[in-house]
Amino acid sequence: MKVLVAGGAGYIGSHCVRQLQLAGHEPIVVDNLSYGHRGSVPEEIPFYEANISDRERMVEILRREDVESVMHFAAFCYVGESVEKPIMYYNNNLVATMGLLEAMLEAGVRKFIFSSTCATYGIPESLPMTEDFPQKPINPYGNTKLAVELALRDLANAGSIGFAAFRYFNAAGAAEDGSIGEDHSPETHLIPLAIEAANGQRPALQIFGEDYETPDGTCLRDYVHVDDLSRAHILALEKLNEPGTALFYNLGTGEPFSVKQVIDTVEKVLGKPVPWESAPRRPGDPPALYADPSMAKRELNWEIQYPTLEPIVQTAWNWHRNNPEGYRG
Ligand code: UDP
């Protein structure tokens, strides 16, 4: 199937492009390279440097490439930045997405796969989290993602599209063959920061809060391998034949790991200590977030190939060891 991947030069998008290729699909990448890396997209893949909000251009690309479905990863994803610059987040994550959807409708493309987030739930009342939990985001980033989910529901109700929205937990790791990996600027995610600290590329890692009501006092998160995430998107493609289809899935392994467990695992994989220091809690961090992934497993036959932390960290380290400067190197 010809799949347009918006944001296909970003972290999750580029891994999805690779999995699409491996599954025999034909990805076409659109990315404005504001955060993405041209080097993360193989030369043989059609690549358009364009803004998804440029409706005329998107209609032209969708028609020219004879696209059947769209996967949309092109969004800003920094919670703190979204608090400081909400307009930027609403424009890029919500308004631009509406432009993309309008272009799809004009070009007659009806299948849509959307990167949503567990941040749409806010602070959960219990754990693990299922898809029917109330959605009460606690920051603008989560609000913009929820707003798109609501719009998608309305579009499906109108019979205009069929869609799947995936609520990601903590995407982590890198392609098994070491070809692509995680390169954010600035980097804010725990695993790459811990690897860089252990590797002497950063000062001590700050642990944001050691006084949470969790077994070791640090936050619990659900780290899911980026290739496992990507494969779920491909499985969902087959379910979107009927306009009106509206699917929501949590994507996590269901296994919580604490910040300190992540540090221990990085130390084990690298064989080096992770220097760290205690820091205050980071505003907006819920103490624990982990998924109940049974719906995706049941309905999509999604199989998690990386159910534990160590192989996830191993793939992240393989990439980092060979690309210490990321795509700049
Ligand atoms: N974290 C930390 N120090 C850091 C970065 C993250 O202690 O330098 C913690 C953060 O508070 C959270 C967990 O690590 O509990 C995962 O954070 P990350 O930013 O990777 O993902 P998030 O859960 O915010 O999406």
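The values are calculated or read from the model by the stated rules, or taken from the named source; none is laboratory data. Since this is a predicted model, take the numbers as computed values, not measurements. Cβ: placed from backbone, ideal geometry, glycine included. Neighbour counts: every protein chain shown. Just the protein is used for accessible areas: all its heavy atoms, side chains included, with ligands, DNA and RNA removed. Shrake-Rupley method; radii C 1.70, N 1.55, O 1.52, S 1.80 Å.
Once backbone amide H atoms are built at 1.01 Å from N, Val30 has Val5, Ala6, Gly7, Gly8, Tyr48 as its partners under 5 Å, excluding neighbours fewer than 5 places away on the same chain. On the beta carbon distance between Arg202 and Glu310, with R0 = 25 Å, the FRET formula returns roughly 0.70.
Ordering Asn143, Thr130, Pro324 by the projection of their Cα atoms onto the charge dipole of the chain, which places +1 on the Cβ of Lys and Arg and -1 on the Cβ of Asp and Glu, puts Asn143 at the extreme positive end.
Of the chymotrypsin sites (Phe, Trp or Tyr not before Pro) found in the stretch 63-171, no site is in coil according to DSSP while having at most 12 other Cβ atoms within 10 Å of its Cβ. Of all lysines in the structure, those lying under 27 Å Cα to Cα from Lys272, and not within fewer than 8 positions of it along the same chain, are Lys260. Evaluating 6.51 cos²θ - 1.76 cosθ + 1.60 at θ = phi - 60° for every residue in the stretch 164-175, the Karplus couplings come out as 10, 10, 9, 9, 6, 8, 8, 5, 8, x, 8, 3 Hz, glycine and proline recorded as x.
3J(HN,Hα) along the stretch 287-294: x, 8, 9, 8, 8, 9, x, 5 Hz, from the Karplus curve 6.51 cos²θ - 1.76 cosθ + 1.60 with θ = phi - 60°, whole Hz, x for Gly and Pro. The string of couplings for the stretch 126-131 from the Karplus curve (6.51, -1.76, 1.60, θ = phi - 60°) is 8, 9, x, 9, 9, 5 Hz, one whole number per residue in order, with x for Gly and Pro. Taking Lys and Arg as +1 and Asp and Glu as -1, the other residues whose beta-carbon sits under 15 Å from that of Asn143 total +1.
Accessible area of Trp276 (1.4 Å probe, protein heavy atoms only, ligands and nucleic acids ignored): about 110 Å².
Once divided by 2.2 N^0.38 Å, the Cα radius of gyration of the stretch 1-145 becomes 1.08. Accessible surface for the chain, divided over its residues, is 42 Å² per residue with a 1.4 Å probe. Give me the Debye-computed log₁₀ of I(q)/I(0) at q = 0.15 Å⁻¹ for the stretch 237-329, equal point scatterers on Cα only, no solvent, two decimals. Treating every Cα as an identical point scatterer, log10 I(q)/I(0) equals -0.87. When the charge dipole of the stretch 190-303 is built from unit charges on Cβ atoms (+1 for Lys and Arg, -1 for Asp and Glu) and taken about the Cα centre, the candidate among Thr214, Gly284, Leu270 whose Cα reaches farthest toward its positive end is Leu270. In the stretch 1-61, the alpha-carbon atoms span a convex hull of 70 Å³ per residue. With the helix formula -39500 (n - 2.57) applied to DSSP H stretches of n ≥ 4, the chain reaches a computed 222 nm mean residue ellipticity of -10500 deg cm²/dmol. Extents of the stretch 205-286, taken as max minus min of Cα coordinates on every principal axis and listed largest first, are 52, 30, 19 Å. Taken about its Cα centre, the stretch 68-192 carries a charge dipole of about 380 debye when Lys and Arg each add +1 at the Cβ and Asp and Glu each add -1 at the Cβ. Considering only beta bridges that DSSP places wholly inside the chain, some 5 percent are antiparallel.
Between Lys136 and Glu213, the modelled label-to-label distance comes to 1.6 nm, taking each label 7 Å out from Cα in the direction of the beta carbon.
Partners of Lys136 within straight-line reach, counting lysines whose Cα lies under 24 Å from its Cα and excluding those fewer than 8 residues away in the same chain: Lys85, Lys145. Applying Stokes-Einstein at 20 °C and 1.002 mPa s to the Kirkwood radius of the stretch 101-232, computed over alpha-carbon pairs, gives a translational diffusion coefficient of 122 µm² s⁻¹.
Convex hull of alpha carbon positions in the stretch 60-152: directionally averaged projected area 6.5 nm².
Accessible-area rank, largest first, for Arg38, Arg221: Arg38, Arg221, with all protein chains present and a 1.4 angstrom probe.
Volume per residue of the convex hull around the Cα atoms, evaluated for the chain, comes out as 121 Å³.
In the chain, the portion of solvent-accessible area held by carbon and sulfur atoms comes to 49 percent [1.4 Å probe, whole percent, DNA, RNA and ligands not counted].
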